[in-house]
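Heads up, the thing below is written out as structure tokens.
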Amino acid sequence: MQATAVPHSPARNRLLAALPAANLARLLPHLEPCPLPLGQTLYESGSRMTHGYFPTEGIVSLLSVMESGASAEIAVIGNEGLVGVSLFMGGESTPSDALVQGAGHAYRLGAAILKREFKRGGELQHLLLRYTQALITQMAQTAACNRHHSVEQQLCRWLLLSLDRLPSNRIQMTQELIANMLGMSRTGVTEAARRLQETGLIHYRRGRITVLDRPTLEQRVCECYAVVKRETDRLLAYGGGP
């Protein structure tokens, strides 16, 4: 009953693909395919979470939102993981929002079923705990990066983390939205993007960013990207590509 790795099948999510056949077989009848349209909010701060989402394509941003309405991205999730770790970590809600940053698809699993399967222990529990540690690492490194590194370095980190979760080198996102994600001024993001474009690393036009020179972009980024990627690869060494 192992799912075939075709577009938008459960096996396009790397957590689900890494499960033994027996574990996956128990989940398959309960996995509900759903679209992830750009801009959709999967859950809001403080709201009761009813499902966990396993993306097969696209990007979901976890956002910390202030009372003023200002927000900052604390993590990004793609087909390597799960949106909704609070469900099996003992909480029914979270102080962050989950917003679709890049359109795609997912399979959602009811909260009660996810918690029941987690309590069984075994490989699913081990995978989810390792994934949660990787997610915590990303959040912690994002906080350090926002405090200590330049706007250009933060933009490079954001671009590379997004590329790792996309099937191509193109990202559809306005500079205003990027500024909101990074919690900084649009002017600062515009200037940083201009410098990257002038040096031939990216091309930006009408809300679409194309990365032209990833190797050099990786040389320009701060160490935060490598820390997150290395720890994620170490904890989630389940093979396969994005």
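The values are calculated or read from the model by the stated rules, or taken from the named source; none is laboratory data. Predicted model, so just to flag it, every value in this text is computed and none were measured. Glycine gets a Cβ as well: all are built from the backbone with ideal geometry, and neighbour counts include every protein chain shown.
Scan the stretch 168-175 and give yes if some residue there is touching a residue at least 40 places away in the same chain (Cβ under 8 Å), touching a Lys or Arg at 6+ places or on another chain (Cβ under 9 Å), farther than 25 Å from Gly69 by Cα and not assigned by TED's automatic domain parsing to the domain that holds Glu67, otherwise no. Yes, the stretch 168-175 has at least one match. Only a single criterion out of (1) in contact with an Asp or Glu (Cβ under 7 Å, 6 or more places away or on another chain); (2) outside the structural domain of Ala17 (by TED's automatic domain parsing) is not satisfied by Thr137, namely (2). Evaluating Thr94 against the criteria (1) outside any strand (DSSP E or B); (2) exposed (fewer than 14 other Cβ atoms within 10 Å of the Cβ); (3) not basic (Lys, Arg) leaves one unmet condition, (2). Among the residues making up the stretch 176-220, those that are in contact (Cβ under 8 Å) with a residue 12 or more places away in the chain and of a type in the set (Gly, Ala, Ser) are Gly183, Gly188, Ala192, Ala193, Gly200, Gly207.
If you go through the stretch 35-64 and keep only what is in contact with a Phe, Trp or Tyr (Cβ under 7 Å, 6 or more places away or on another chain) and in contact (Cβ under 8 Å) with a residue 60 or more places away in the chain, you end up with just Met49.
Restricting attention to the stretch 142-159, the residues that are surrounded by fewer than 21 Cβ atoms within 10 Å (Cβ to Cβ) and not acidic (Asp, Glu) add up to 9. Residues Leu63, Leu99, Leu109: which one is of a type outside the set (D, E, K, R) and out of contact with any helix residue (DSSP H, G or I) (no Cβ under 8 Å at 6 or more places or on another chain)? Result of the check over Leu63, Leu99, Leu109: Leu99.
For every residue, the table says whether it meets (1) modelled with pLDDT of 95 or more; (2) under 12 Å from the mean Cα position of the chain (by Cα); (3) not hydrophobic (A, V, I, L, M, F, W, C).
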{"position": "Glu80", "(1), (2), (3)": "no, yes, yes"}
{"position": "Leu87", "(1), (2), (3)": "no, no, no"}
{"position": "Thr94", "(1), (2), (3)": "no, no, yes"}
{"position": "Gly102", "(1), (2), (3)": "no, yes, yes"}
{"position": "Tyr107", "(1), (2), (3)": "yes, no, yes"}
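Starting from residues that are among the polar types (S, T, N, Q) and surrounded by 20 or more Cβ atoms within 10 Å (Cβ to Cβ), keep the ones in the stretch 22-78 and report whichever is farthest from the chain's Cα centre (by Cα). Full working, then the answer.
Keep residues of the stretch 22-78 that are among the polar types (S, T, N, Q), which gives 23, 40-41, 45, 47, 50, 56, 61, 64, 68, 71.
Going one step further and asking which of them are surrounded by 20 or more Cβ atoms within 10 Å (Cβ to Cβ), we end up with 56, 61.
Values: Thr56: 11, Ser61: 6 Å.
Step by step, filter the stretch 22-78, then rank; the result is Thr56.
Can you tell me which of Leu19, Leu24, Leu28 is assigned to a loop (DSSP other than H, G, I, E, B), farther than 28 Å from Met173 by Cα, out of contact with any strand residue (DSSP E or B) (no Cβ under 8 Å at 6 or more places or on another chain) and not assigned by TED's automatic domain parsing to the domain that holds Ala179? Break it down stepwise before answering.
Numbers: Leu24 fails: assigned to a loop (DSSP other than H, G, I, E, B); Leu28 fails: assigned to a loop (DSSP other than H, G, I, E, B).
Just a single option satisfies the conditions, and that option is Leu19.
Restricting to the stretch 68-89, what's the tally of residues that are outside any loop (DSSP other than H, G, I, E, B) and closer than 22 Å to Ser9 by Cβ? Talk me through it step by step, then tell me what you get.
Residues of the stretch 68-89 that are outside any loop (DSSP other than H, G, I, E, B), as a first pass: 71-77, 83, 85-87.
If we keep only those that are closer than 22 Å to Ser9 by Cβ too, we end up with 77, 83.
Of the residues in that region, 2 qualify.
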